[in-house]
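Structure first, commentary second.
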Amino acid sequence: MTVADGFTYIDRELHCGDVRVTDIVRETGTPLYLYNLDAVLDRYEQHRAAFASFSHRTCFAVKANTALPLLQVLAAAGCGFDVNSRGELFRAMKAGADPRRITMTGVGKSRADIAAALDAGVALLNVESASECRLVSDVAEERGAVADVLLRLNPDVETDTHPYISTGEAAHKFGLSPGDIRSLAAQAAWLPGLRIAGLSMHLGSQILSPLPYAHGLHVMLKVLDDITPLLDRAPDIIDIGGGFGVRYDVCHGELDPIKVAAVMADVLGDRDDPWTLITEPGRSLVANAGVLVTAVEHVKPSEDRTFLILDAGMNDLLRPALYQASHSIVPVRESEADVQLYDIVGPVCESSDTFAVNYALPSQERGDLVALLSAGAYGASMASTYNSRPLAAEAVVYKGEWHLARERQSLEDMIRGEFPLSL
């Protein structure tokens, strides 16, 4: 039985590809993030195929998952990357990324971020304010270069997603209004260090309908038609961002990129503009190809419920505490034990350190393993050492073999670079 991308039960044992999860955990311990890279590549190829009728470039959103082996296999497959900082750029380059297929996004890029991008030869910078345009132009001029930029449009499009991950409405900090973009285009001659190569937008995350993309593209085309006469060279790039929703549990669907491509084609109609379309999928490529494997530390009955206390906490997987997100939870070994209802929690000293309430699982005991599914996106990349809990290990399965991607952080590693007083 398949439970996630690349994860199945074989002989009642959860496998990642053909490898038993328990065999990996025996070597790595828990908590453990585990990714099926073959499944990630399958999702990438499906995404690429969905937009094959366009002149199209896929740029994986590195913020979703920064594991070097994962970035490596995507780079080797020809995928581009969208980075939000010089740190993410550093990771992508270490993974073998082609800088000509990298975009840099971010509402607060520093001079150091911009300089790193230009020095690396990054293809495009998504800029989000007049202040940033001036800074990009200045840094590029210092290098005798001209930076290609996309002006990030805030199309004021509402999406049916969690407010913390909605980014395309006027009240949000991201992007520029159509009026701001027209003003910047009119001033482009005063910014000799940059060229406006096109427009971008990012409506948010976990979007389950293609309609917001259609609405956003309508606004984008109107703005492009408005600013093109003001520029020396016609813009030729449209970046619609990412945010394609995935299935986290049986109550939710997912957004097929074919549907997004279809509404893009409908909106563009018979226009023959020579645009390149960029998409920035993150979650949709990796979420369901990763799990967080964790061990039961304690079973704690109380007056009206039973707590299942895991060795993974909100510092390892923040999404449930931050977004009230739900992750399906399955036993690593299937069991015929009676089903019990548990409040499934972590060991962190916060009441929000809760993964599920009244959740049905076969009866569990201390030492049993469970897997939180759909943890391949915004899991390890958002993890912290809160409560001085070391970062979890990460492992991957690729072409039938498993490999350690990141060793478990030691206590000494956790305080490396700190300097106690000499008392």
In the range 278-303, residues that are free of Cβ contacts under 8 Å to residues at least 12 places away in the same chain and either assigned to a helix (DSSP H, G or I) or out of contact with any strand residue (DSSP E or B) (no Cβ under 7 Å at 6 or more places or on another chain) (or both) total 3
Contact list, first residue from the range 391-405 and in contact (Cβ under 8 Å) with a residue 12 or more places away in the chain and closer than 13 Å to residue 290 by Cβ, second anywhere and acidic (Asp, Glu) and surrounded by 23 or more Cβ atoms within 10 Å (Cβ to Cβ), beta-carbon distance below 7 Å, six or more apart or interchain, is 392/316; 405/394
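Could you list, in sequence order, all residues of the range 339-353 that are touching a Leu at 6+ places or on another chain (Cβ under 8 Å) and of a type in the set (Val, Ile, Thr)? Before you say what the answer is, go through the steps one by one.
Step one: list which residues in the range 339-353 are touching a Leu at 6+ places or on another chain (Cβ under 8 Å), which gives 339-340, 342-347.
If the condition is that a residue be touching a Leu at 6+ places or on another chain (Cβ under 8 Å) and of a type in the set (Val, Ile, Thr), then 339, 344, 345 are the ones that fit.
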Looking at residue 234, is it of a type outside the set (Val, Ile, Thr), outside any loop (DSSP other than H, G, I, E, B) and surrounded by fewer than 23 Cβ atoms within 10 Å (Cβ to Cβ)? no
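Just for helices (runs of 4 or more DSSP H) wholly inside the range 18-133: which have at least 1 residues that are of a type outside the set (Ser, Thr, Tyr), surrounded by fewer than 22 Cβ atoms within 10 Å (Cβ to Cβ) and touching a residue at least 60 places away in the same chain (Cβ under 8 Å)? Write out each step before concluding.
On the way: elements: 21-28, 37-50, 68-76, 86-94, 111-120.
Because the criterion is at least 1 residues that are of a type outside the set (Ser, Thr, Tyr), surrounded by fewer than 22 Cβ atoms within 10 Å (Cβ to Cβ) and touching a residue at least 60 places away in the same chain (Cβ under 8 Å), the helices (runs of 4 or more DSSP H) in the range 18-133 that meet it are 21-28, 37-50, 68-76.
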Can you confirm whether residue 212 is in a helix (DSSP H, G or I), out of contact with any strand residue (DSSP E or B) (no Cβ under 7 Å at 6 or more places or on another chain) and touching a residue at least 12 places away in the same chain (Cβ under 8 Å)? yes
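Just checking, does the range 310-320 include any residue being more than 21 Å from the chain's Cα centre (by Cα), within 30 Å of residue 155 (Cα to Cα) and not in a strand (DSSP E or B)?
First, pick out the residues of the range 310-320 that are more than 21 Å from the chain's Cα centre (by Cα): 310-311.
Then keep just the ones that are within 30 Å of residue 155 (Cα to Cα); that gives none.
No, the range 310-320 contains no residue that is more than 21 Å from the chain's Cα centre (by Cα), within 30 Å of residue 155 (Cα to Cα) and not in a strand (DSSP E or B).
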With the first residue restricted to the range 304-318 and required to be under 10 Å from residue 342 (Cβ atoms), and the second required to be surrounded by fewer than 24 Cβ atoms within 10 Å (Cβ to Cβ) and aromatic (Phe, Trp, Tyr), Cβ contacts under 9 Å at 6 or more apart or on different chains are 308/359
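Would you be able to tell me the number of residues in the range 265-317 that are among the charged types (D, E, K, R) and surrounded by fewer than 15 Cβ atoms within 10 Å (Cβ to Cβ)? Even if it seems obvious, please write down each step before you answer.
If we filter the range 265-317 for residues that are among the charged types (D, E, K, R), which is where we start, we get 266, 270-273, 280, 283, 297, 300, 303-305, 311, 316.
Restricting the remaining residues to those that are surrounded by fewer than 15 Cβ atoms within 10 Å (Cβ to Cβ) gives 266, 270-273, 300, 303-305.
Qualifying residue count for the region: 9.
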Scanning the range 331-366 residue by residue, those assigned to a loop (DSSP other than H, G, I, E, B), touching a helix residue (DSSP H, G or I) at 6+ places or on another chain (Cβ under 6 Å) and more than 19 Å from residue 12 (Cα to Cα) turn out to be 348, 352
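Being over 29 Å from the mean Cα position of the chain (by Cα) and either loosely packed, with under 13 Cβ neighbours inside 10 Å or in contact (Cβ under 8 Å) with a residue 60 or more places away in the chain (or both) is true for just one of 340, 364. Which residue is that? Don't jump to the end; show me each part of the working.
Numbers: 340 fails: either loosely packed, with under 13 Cβ neighbours inside 10 Å or in contact (Cβ under 8 Å) with a residue 60 or more places away in the chain (or both).
Being over 29 Å from the mean Cα position of the chain (by Cα) and either loosely packed, with under 13 Cβ neighbours inside 10 Å or in contact (Cβ under 8 Å) with a residue 60 or more places away in the chain (or both) holds for just one of 340, 364, which is 364.
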Taking the range 191-220 and the residues there that are at pLDDT below 90 and out of contact with any Lys or Arg (no Cβ under 9 Å at 6 or more places or on another chain), the one that is surrounded by the fewest Cβ atoms within 10 Å (Cβ to Cβ) would be 204
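The values are calculated or read from the model by the stated rules, or taken from the named source; none is laboratory data. None of the values given here were measured: they were computed from a predicted structure. Reconstructed Cβ throughout: ideal geometry from the backbone, glycine too, with neighbour counts over all protein chains shown.
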